Structures are given as structure tokens and as C-alpha cells.
Amino acid sequence: MKRSVAILTGVASLALLASGAVVASALNDMPQDAQPVTSPTADLNRQASPTPQPAPPVPQEPAPEAAPAPSAPVAITPPAPVIVVAEEPAAEEDEESEEAEETRVEAPAEPVATPGRRQRRRVAIVEAVDKITAESMRFEVEVGGRPVRFQKTLIFTAKACEVSAPDELVEDSIAYLEVSVQPRGMLQSSSPRQIFRGWMFASAPAVSGLQHPIYDAWVVGCKA
């Protein structure tokens, strides 16, 4: 009986110790309040600095005495207004102005210049290059005619080719081309795949050019 009581007492003691450890760990996990940091240097400076003394008073000069106000009101007379009389123009000046208006001749209005019309050509001149073999070729593509094949892969078709009008600032050749890809031989039965369609400018090939990893092509000019 005594042994069981001792065992129960030991178990209860262990339970109390465990609960105390849990409470202590929970308290340690909670955030603590912030405390201001005390600086010993600030205390030393505060002790070493002398107490400021008040500044001596500055003597003030007495204000000057003002003149006494007049016993009777003083009348103020406003100045007389200045009147400027406009002189009439002489009769001779009027006659001269009338004669000048009569002799004045209106300049004729300049006619509005109509923009020139671009001239169409029958053949577009194209230059293409193979970026792998560095092989380049300049060839002709007839507008509305048969397509032209380059390097057994590219197919060029011309829909229009125009040259700039005489009144334009930049002389240029513009062609509307369609470019397709169709390798010859193995894929002859498949339909061509179009990779470009639009206007190409000879003066600025980079504005609208063919974008292909192997080939480059641009318009060089137009031919009648």
C-alpha cells in the first residue's frame, strides 16, 4: 500500500514539473515589451554640460516722438488734367493713301499642285541571298506572271511594281510580293507555305522585308 502511494506521489510530482516547463516555454515564446536603450555617454554629456545662463537684457532705445497732428484739416488741390488735342491728318496724306490703294495690285493666288501619280512597271527586280552558303542572286519576277523559284525552296510571285512620282522627295521602287516555301523533290505534292506577303521598298529594305532564318530577299527596282 505504501509503495503504491509513493508511486502516485512521484507521478504527481513529475506531472507538476512537466506542466511548469510547458508554461515556462509558452511564456518564452510570447513577444516581450520593448524597452528604451539607455546610453551612458548621454548621461556623461548631460552631467558635463554646464547649465545655460540667461542672456543679459538688451537696452531698448526710446521711440522717436511723432509730430503733433494739425488742429485744422489741410485742403489738397488735385493737379489740373492734361488734355491732348489730336491733329487732323493733312489733305495731302489722304490723297497719297488713296492713290496707293488704287495702284495696289493683288497678287494672283498660286495654284494648288496636284501630287504626281506613280508609274507602274511590268517586271520587279528581286535580290535574294542564302545566309548559309552566302550565295546571292538577282532575278526578275513578272507582275501577274509565273512564280519564280530561288534555291529550289523559295517561290516569288509579283502582284505590282511601281516607281516613285517625279514630285516625291525620294526616288524609290515599290513592289508587292508574295513569298512561299516549298522544297523541291520530297515535298513536291504538298502545297506551298506562304511566309511573306506585302510591299517591299528598295530604298529601305529593313522596313518590310522577308524574315527567314536561312534566306534574305528584297526589291532592287522595277523594269518596264
For Ser203 paired with Ile83, estimate the spin-label separation in nm (one decimal), with each label point 7 Å from Cα along the Cα-to-Cβ line.
7.3 nm
Derived scalar couplings ³J(HN,Hα) [the range 148-162; Karplus, 6.51 cos²θ - 1.76 cosθ + 1.60; whole Hz; x for Gly, Pro]
10, 9, 10, 6, 6, 9, 7, 10, 10, 10, 9, 9, 6, 8, 10
At R0 = 25 Å, how high is the FRET efficiency between Ile132 and Val170 if r is their beta carbon distance? Nearest 0.05 is fine.
0.15
Can you tally the net charge around Ser180? Count Lys and Arg as +1, Asp and Glu as -1, for every other residue whose Cβ sits under 10 Å from the Cβ of Ser180.
+2
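Here, each number is a calculation from the coordinates, and none is a lab measurement. These figures come from a predicted structure and were not determined experimentally. For neighbour counting, all protein chains shown are included, and Cβ atoms are generated from backbone atoms with ideal geometry for every residue, glycine included.
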